[in-house]
Amino acid sequence: MSDCHSSGVSEVINLASTGETKMPVIALAGQPNMGKSTLFNLLTGLNQHVGNWPGKTVEQRSGNFTLDGKTYHLVDLPGTYSLTANSPEEVIAREFILTERPDVVIAVVSAANLERSLYLVSELVCLPVPVVVALNMMDVAQQEGMKVDAAVLSKELNLPVVPITATRALGVRDLLQEAVDVINGKEQTLPNIPEIRADVTKAIETVENLIENYVPTDYTPGWVALKLLEGDTEITKSMKTALPEEKWKAVNTVLLENDDAMVVVASGRYNWIGNIVRLTIERPKMGQISVTERLDRVATHPVWGLFVLAGILGLVFWLTFTIGSPLQSWLATQVVGRIAGFMRTVMVTSPAWLRSLVVDGVIGGVGAVLTFLPILMIFFASFGFLEDIGYMARAAYVMDNIMHMMGLHGKSFLPLFLGFGCNVPAIMGTRVIDSKQARILTILIAPLIPCTARMAVIAFLAPAFFGKQAFLVSWGLILFSIIMLVVLGILLNKVVFKGERSAFIMEMPLYHIPNLRTVGLLVWQRALSFLKKAGTTILIASVIIWGLSYLPAGDLNTSYLAIFGKWLTPVGKLMGFDWRLTVALISSFPAKENAIATLGVLFGSSANSGLATTLASTFSGATAISFLVVTMLFIPCLATVAVIRQETGSIKWTAFSVMMFLVLSTVSGIIVYHVALLL
């Protein structure tokens, strides 16, 4: 049929070239949880670039790899279930393929979930680019008792199919060689395509004839005609503008006469997939229970699953205090303290203000923040491990009932879970939520998920104030924050919104052994991002805080910062704070780590005693727990506030969010402080 066809070798594109050198471009396409990111990380390693697609907030990842002395550019397309314009990810994936025309597309599918993952392939074979199929997770399929015949799959698709296990780099070189053979024209790709009912096929041909002279040069008329009949909103809007009125009327008449075309096309694809899967897969015998099913009996249980989730969070904090805290203390005393002492000695003849700027401002501020890098790395590694093993989806599933109490569903928990890394992507992730009211409600409560920056501040201060009880205190603070999220969500839903209940449909990826390389790269990238922040944002904030604490006369107690802090003393005293803690809290607005940097500046650096020890000897336990609670609930960082404004498109909702957290944190701090005094 004319609407689906595959070309041979496409033109070489200069997308990734530097200077005059042109590199062949390979695109990785696949649905979520197919192992695409593992393959990308394996090939590119540290030689990759992460940013945003032009005009989009969707992450763009690309990098280079070398095979047999030749360099290739690899583009990791966003994970997407189809190529219909239902999300920014789907539009980006297909627009890149159609407009940039990569030399080959590697479609990553899961051998353990072949039926679902072939749907994207059924759409890719209709695009004018050569396709090679990477049959990934062969080990997981075997673990689940399935046998997948790659040779039969290749014959049925009439495409190169290479079985791989990306987590162990098995078969990856064969996959790349197959892709290179396609690029070099040694192998042509002429895929078998899904059949579509005759009357709809005729309608596609009719529409194709009507629009062929008006289709953008990057598109093929047959593909555009197919998308029009599928009801694709982006293509429909584009062609309605491009076509003369009489042509559009003729096209629209055909569309109205074939209003069931979308179902017919989808049915054709599913029949095509079903026939292929029946010939390709040998399933386990009836009654055989897979590893995933055994584990999910506990992990997704409505009661035991919650205990598992709480236990995992507790284990993360146990690891943090067992491994991270000693490393943090060593860095504070042996590295930052020694550097501060050395600079104080070297600069003994320098002006007092310059010595204070370097020792107290730069080293005291940035150095204090850098000491909890080990703590952050443990958080990054822990959550990267949980995501890669397939547990995150289970966590969302067991939280579904709690989400319903707030008028939300599991879709809202997915972006909320991202908040454990950073609240910014968590709020951006709310785009997956269909209901506008549910989306805004999720955005408003998302900052109550403790991000790694907040947790690092807690992990730094809790051991200083509570010693061996730090693990329980931190675990309690996390649970307290989540409880507050639920309570606030219920109140907002009842008072501000009329919550909508909807069904929770979610993919549960199979459990598999995590790829240490993938987790390691995640830790590296996030740690590098943190170091860049420490070298820019936090450095600037530290210098500003130092300037305010030094001017006008070089005396902290008469400085501008002290004047400002003492002006807020009446409010701070209600929570047990002196002016220094109040200022540290306010300075956390640009970035949460600034709270530690500010305390480092205000209390100075010493080679003999760390900041944590100084704080513990200065403030009472009641003040400490109050400060930790307020830190957990305080106004989110500046970047989070900015993205709330961006995603809600409303200054009103942004201001409401800021005031809500200001009131919530202040009231909670006052209550906690006075209750702690009674204990």
Hits in the stretch 213-234 (condition: surrounded by fewer than 17 Cβ atoms within 10 Å (Cβ to Cβ) and either assigned to a helix (DSSP H, G or I) or at pLDDT below 85 (or both)): PRO216, THR217, ASP218, THR233, GLU234
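Based on what the data block shows, is LYS237 modelled with pLDDT of 80 or more, among the charged types (D, E, K, R) and under 35 Å from the mean Cα position of the chain (by Cα)? Even if it seems obvious, please write down each step before you answer.
Working: modelled with pLDDT of 80 or more: yes; among the charged types (D, E, K, R): yes; under 35 Å from the mean Cα position of the chain (by Cα): yes.
Considered against the rule, which asks whether it is modelled with pLDDT of 80 or more, among the charged types (D, E, K, R) and under 35 Å from the mean Cα position of the chain (by Cα), LYS237 comes out as yes.
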Do the conditions hold for ASN192, that is, is it closer than 29 Å to LEU226 by Cβ, part of a loop (DSSP other than H, G, I, E, B) and polar (S, T, N, Q)? yes
Please go through the stretch 473-500 and pick out each residue that is of a type in the set (Lys, Arg) and either in contact with a Gly (Cβ under 7 Å, 6 or more places away or on another chain) or at pLDDT 75 or above (or both). LYS494
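Okay, residues lined up against (1) among the charged types (D, E, K, R); (2) modelled with pLDDT of 70 or more:
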site: LEU15; (1), (2): no, no
site: GLU20; (1), (2): yes, no
site: THR57; (1), (2): no, no
site: GLN60; (1), (2): no, yes
site: GLY69; (1), (2): no, yes
site: PRO78; (1), (2): no, yes
site: SER87; (1), (2): no, yes
Can you name the residue in the stretch 237-265 that is without any contact (Cβ under 8 Å) to a residue 24 or more places away in the chain and crowded, with 17+ Cβ neighbours inside 10 Å and is also farthest from LEU114 (Cα to Cα) among such residues? TRP248
Is it true that some residue in the stretch 327-348 is modelled with pLDDT under 80 and in contact with an Asp or Glu (Cβ under 6 Å, 6 or more places away or on another chain)? no
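Yes/no per residue for (1) at pLDDT below 75; (2) closer than 20 Å to THR371 by Cα; (3) among the acidic types (Asp, Glu):
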{"site": "VAL543", "(1), (2), (3)": "no, yes, no"}
{"site": "VAL571", "(1), (2), (3)": "no, no, no"}
{"site": "LYS592", "(1), (2), (3)": "no, yes, no"}
{"site": "SER605", "(1), (2), (3)": "yes, yes, no"}
{"site": "PRO636", "(1), (2), (3)": "no, no, no"}
Report those helices (runs of 4 or more DSSP H) wholly inside the stretch 83-158 carrying at least 3 residues which are over 23 Å from GLU195 (Cα atoms). 88-95, 138-143
Being without any contact (Cβ under 8 Å) to a residue 60 or more places away in the chain, in the same structural domain as TYR550 (by TED's automatic domain parsing) and either touching a strand residue (DSSP E or B) at 6+ places or on another chain (Cβ under 6 Å) or surrounded by fewer than 22 Cβ atoms within 10 Å (Cβ to Cβ) (or both) is the requirement here; does ILE389 meet it? no
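Please give the helices (runs of 4 or more DSSP H) falling wholly within the stretch 562-679 in which 2 or more residues are among the small types (Gly, Ala, Ser). Write out each step before concluding.
Working: elements: 569-574, 579-587, 594-603, 611-618, 621-633, 638-648, 651-678.
Hits in the stretch 562-679: 579-587, 594-603, 611-618, 621-633, 638-648, 651-678.
In the stretch 115-124, what residues are at pLDDT below 90 and over 13 Å from PRO32 (Cα atoms)?
Initially, the stretch 115-124 is screened for residues at pLDDT below 90, giving 115-117.
Hit for the stretch 115-124 is GLU115, nothing else.
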Determine if the stretch 404-420 includes at least one residue that is modelled with pLDDT of 70 or more, surrounded by fewer than 21 Cβ atoms within 10 Å (Cβ to Cβ), within 17 Å of LEU492 (Cβ to Cβ) and in the same structural domain as ARG645 (by TED's automatic domain parsing). yes
Take ASN158 and decide whether it is under 20 Å from THR280 (Cα atoms) and free of Cβ contacts under 8 Å to residues at least 40 places away in the same chain. yes
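The values are calculated or read from the model by the stated rules, or taken from the named source; none is laboratory data. Nothing here was measured: the structure is a model prediction, and the numbers come from that model. A quick note on method: Cβ atoms are made from the backbone with ideal geometry, for glycine too, and the neighbour counts reach across all protein chains shown.
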